[in-house]
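The values are calculated or read from the model by the stated rules, or taken from the named source; none is laboratory data. The shown structure was predicted, so the numbers you read here are calculated from the model rather than taken from an experiment. We place every Cβ from the backbone using ideal geometry, glycine too, and count neighbours over all the protein chains shown. Side chains included, ligands, DNA and RNA excluded: accessible areas come from the protein's heavy atoms. Shrake-Rupley method; radii C 1.70, N 1.55, O 1.52, S 1.80 Å.
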Amino acid sequence: MPGVSLTINDKKVRVPAGTTILEAARELNITIPTLCHDKRLSPFGACRLCVVEVRGRKNLPAACVTPVEEGMTVLTESPAVVEARRTIIELLLANHPLDCLTCEKSGNCRLQDYAYRYGVKRTPFEGTRDQLPLDDNNPFIIRDPNKCILCGKCVRACQEIRGQAVLGFAFRGPATRVVPPLDVSLGESDCVFCQNCVAVCPTGALRDKYLAGKGRWWEFQPEAVTCPFCAN
Ligand code: FES
């Protein structure tokens, strides 16, 4: 079949041209950690946690946005990759509250999962972000900007799944934040409560208000429901 052949962790795979390294790895059941990637959303390449080693290249490309090439040899857990991922997690934790004991998202948090997976128990970096107030006046969603890792999934979900633009990036450098237009609260914004942003958030930055304080996530039973607002 036409396509591109490559080797990932000593396993050969053939995939259509244009496939990313991340997608090719998934064909082989090789898991590459991701924070900003979601196959329903446009590629973003922001978190860099999916970096991999490609033989012959000096840099570590992000697997989620790098297309495969004929004859490529990829390593997804080489010492250089693991070291880079550990540093990325440490940098994220520098500005992240370490309240996992009481965080509603504990046990269902991708950042926590990867810190565990890569043995990151503390960070040598000092955060620069100011403590920001909790945004709690939306009837269905709690927004904690201190837990946002700027992966942009909520921004893309709002635009690409719901067709709204309630969340976007604002400010610059270390002050960069995801906020509603004009930095109003979520309750004052045009939010239609679809919760797509909550569903894709990898940390506790966007949470379901109804579930807050009612138990740990593993105590809940999932139920299929029809959203009364968007019928999705
Ligand atoms: Fe690839 Fe975030 S998952 S850069």
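Subtract the Cα-Cα distance of Phe171 and Ala199 from 0.36 nm times their separation in residues, and report this length gain in nm to one decimal.
On the way: separation 28, 0.36 × 28 = 10.08 nm, distance 2.48 nm.
Roughly 7.6 nm would be gained on extension.
With the other protein chains left in place, how much accessible area per residue, in square angstrom, belongs to segment 86-215 at a 1.4 angstrom probe? Please report the intermediate quantities before stating the final value.
Working: 6810 Å² over 130 residues.
Here the residues of segment 86-215 average 52 Å² of exposed surface.
Treating only the Cβ atoms of Lys and Arg (+1) and Asp and Glu (-1) as charged, compute the dipole magnitude of the chain about its Cα centre; round to the nearest 20 debye. Roughly 480 debye for the chain.
The length gained on full extension between Glu188 and Tyr210, counted as 0.36 nm times the residue separation minus their Cα-Cα distance, comes to 6.1 nm. The convex hull defined by the C-alpha atoms of the chain has an orientation-averaged projected area of 14.6 nm².
Of the accessible area of the chain, with the probe set at 1.4 angstrom, what percent is carbon plus sulfur? Mind showing how you got there, number by number?
On the way: 6960 of 12890 Å².
Taking all protein chains in place, the chain shows 54 percent carbon and sulfur surface.
Axis of helix 79-94 versus longest Cα principal axis of the chain: the two differ by about 10°, to the nearest ten degrees. Straight-line reach from Lys58: taking Cα to Cα under 17 Å and skipping same-chain neighbours fewer than 8 places apart, the aspartates and glutamates in range are Glu69, Glu77, Glu83.
Taking 20 Å as the limit for the C-alpha separation, the pairs Lys105/Lys209; Lys39/Lys209; Lys39/Lys153 exceed it in the case of Lys39/Lys209. Indicate the gyration tensor shape class of segment 86-215 (rounded, prolate or oblate), computed on the Cα atoms with a ≥ b ≥ c the square roots of the eigenvalues: a/c under 1.5 is rounded; otherwise a/b larger than b/c is prolate and the rest oblate. It is prolate, given that a/c is not under 1.5 and a/b is the larger ratio. Highest mean first, the peptides 20-29, 212-221, 193-202 sorted by other C-beta atoms within 10 Å per residue fall in the order 193-202, 20-29, 212-221. If both residues of a DSSP beta bridge must be in the chain, then about 90% of such bridges are antiparallel.
Give me log10 I(q)/I(0) at q = 0.21, 0.27 Å⁻¹ for segment 21-76, Debye formula, one equal scatterer per alpha-carbon, no solvent. Reported log10 I(q)/I(0), two decimals: -0.75, -1.21.
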